[in-house]
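The values are calculated or read from the model by the stated rules, or taken from the named source; none is laboratory data. These numbers come from a predicted model, not from an experiment. FYI the Cβ positions are ideal-geometry reconstructions off the backbone, even for glycines, and counts take in every protein chain you see.
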Amino acid sequence: MTYCVSDIHGNYEGYIKLLETINLRDEDTLFVLGDVIDRGKGGIKILQDMMMHFNIIPILGNHEYMAVNCMKFLCQEITEESINNIDEGIIQGLLEWQNVGGQATIDEFHKLNSEEKQDIIDYLEEFSLYEEASVMGKDYVMVHAGLCNFSIDRPLDDYHFSELLFKVPDYSKVYFPDKYLVTGHLPTRCIQGNNHQDKIFRANNHIAIDCGSSCRGSGGRLGCICLDTGETFYVEND
């Protein structure tokens, strides 16, 4: 079976419960469409678990993109020379990361030893920008946010990372007549015209799977879809 989940945002307990719910087996594949980390307090633990599963395929989200350079900076030894040579761009990036929920991940990251920190950085740098899959005779394109400046004739490799990580698609428009575009990033409760809050959204060859796991305190849950059967799975926020 082939499954997709997105925007776990540090919800370690929800992630583990989801793996149990779908009964992920070695012969199955789980695509994780980015934003594993931040906001919740278990993002690093989720990454460490994902690293142990050869059949969990990670796709880069904007939160991982923001994190990786900051993590490299946080690993540096603090000396007078390093302080004098601090890149203002890194400091700005660190502040921006904190503003979108990165502090929870920073706190976790600081508790790791140097080898564990490097393992996390190396793993994040392996995340792909998109994935494609054919399941039960249907073709899927999986990306964190969308395909900004989309053209049917434009190769996927031609998209800049910023076009894939930050901009949501137009869900009222069919992008690929012969493929399904699977995305996260935008909680489905925010999709215009969607009357099914915090459920996986399917329309116009779009499958939007961010069901608001990061919306703790105002509902939300973790959503997952099986591409083989179309079955959906949900783990409620505590």
**Item:** helices (runs of 4 or more DSSP H) wholly inside region 14-120 that include at least 3 residues being at pLDDT 95 or above
**Value:** 43-51, 62-74, 103-110
**Prompt:** Of all residues in region 195-231 being among the hydroxyl-bearing types (S, T, Y) and touching a residue at least 24 places away in the same chain (Cβ under 8 Å), which is surrounded by the fewest Cβ atoms within 10 Å (Cβ to Cβ)?
**Reply:** T229
**Item:** One residue from Y175, Y171, Y140 being in contact (Cβ under 8 Å) with a residue 60 or more places away in the chain, of a type outside the set (D, E), surrounded by 12 or more Cβ atoms within 10 Å (Cβ to Cβ) and closer than 28 Å to G212 by Cβ
**Value:** Y140
**Asked** Of all the residues that make up region 162-172, how many are in a loop (DSSP other than H, G, I, E, B) and over 14 Å from the mean Cα position of the chain (by Cα)?
**Response** 4
**Request:** Test Y175 against the criterion of being closer than 17 Å to G146 by Cα, out of contact with any helix residue (DSSP H, G or I) (no Cβ under 7 Å at 6 or more places or on another chain), of a type in the set (F, W, Y) and part of a loop (DSSP other than H, G, I, E, B), and give yes or no.
**Result:** yes
